[in-house]
Amino acid sequence: MDKFSFINSEKLRKQIEFIIIIDEMKNVLRRNLVVDGSRRENDAEHSWHLAVMAMILEEYSADKVDISKVLRIALVHDLVEVYAGDTFAYDVKGNEDKLDREIMAAEKLFGMLKDGQGDEIRALWDEFE
């Protein structure tokens, strides 16, 4: 018996599983430190901070910005790292197969969601990449 057997909707069950999996972003540590330098930032913090910065700094863009789309991309751009891990920008070896690892992770992660929801998030992720 699975832990979501009380949920009658397969779609809702998959959405909840997805939400639980992406909670792992809190455990994916990045190389950079938080502003006070006390510890390494995690992926969830990074994505949240990027989204808030985009919202706050939107007024400085020379072009009209679709802030809703920017925020959605900011929130999903690193979701694949729950499976692929974070690859440091200057890690020559790690960057050799980064895209392959992330594409496999995207297929696995976004493939969980049904009714076009996974496709929509995948398209946002693809646009960022």
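The values are calculated or read from the model by the stated rules, or taken from the named source; none is laboratory data. Worth saying up front: this structure is predicted, and the values here are computed from it rather than measured. Glycine also receives a Cβ, built like all others from the backbone with ideal geometry; neighbour counts cover every protein chain displayed. Calculation scope for accessible area: heavy atoms of the full protein, side chains included, ligands and nucleic acids excluded. Shrake-Rupley method; radii C 1.70, N 1.55, O 1.52, S 1.80 Å.
So, in the stretch 6-44, of the ones that are open to solvent by 90 Å² or more (accessible area, probe 1.4 Å), closer than 24 Å to Ala89 by Cα and part of a loop (DSSP other than H, G, I, E, B), which residue ends up modelled with the lowest pLDDT? This residue is Val35.
Every listed requirement among (1) loosely packed, with under 15 Cβ neighbours inside 10 Å; (2) of a type in the set (Ser, Thr, Tyr); (3) assigned to a helix (DSSP H, G or I) is met by Ser47 save one, (1).
For the stretch 62-69, the condition holds for no residue, the condition being that it is outside any loop (DSSP other than H, G, I, E, B), open to solvent by 70 Å² or more (accessible area, probe 1.4 Å) and free of Cβ contacts under 8 Å to residues at least 24 places away in the same chain.
A search for C-beta distances below 9 Å between a residue of the stretch 1-21 that is under 20 Å from Lys108 (Cα atoms) and any residue that is open to solvent by 80 Å² or more (accessible area, probe 1.4 Å) and in a loop (DSSP other than H, G, I, E, B), counting only pairs 6+ apart in sequence or on different chains, returns Glu10/Lys114; Lys11/Lys114; Lys11/Asp115; Lys14/Lys114; Gln15/Lys114.
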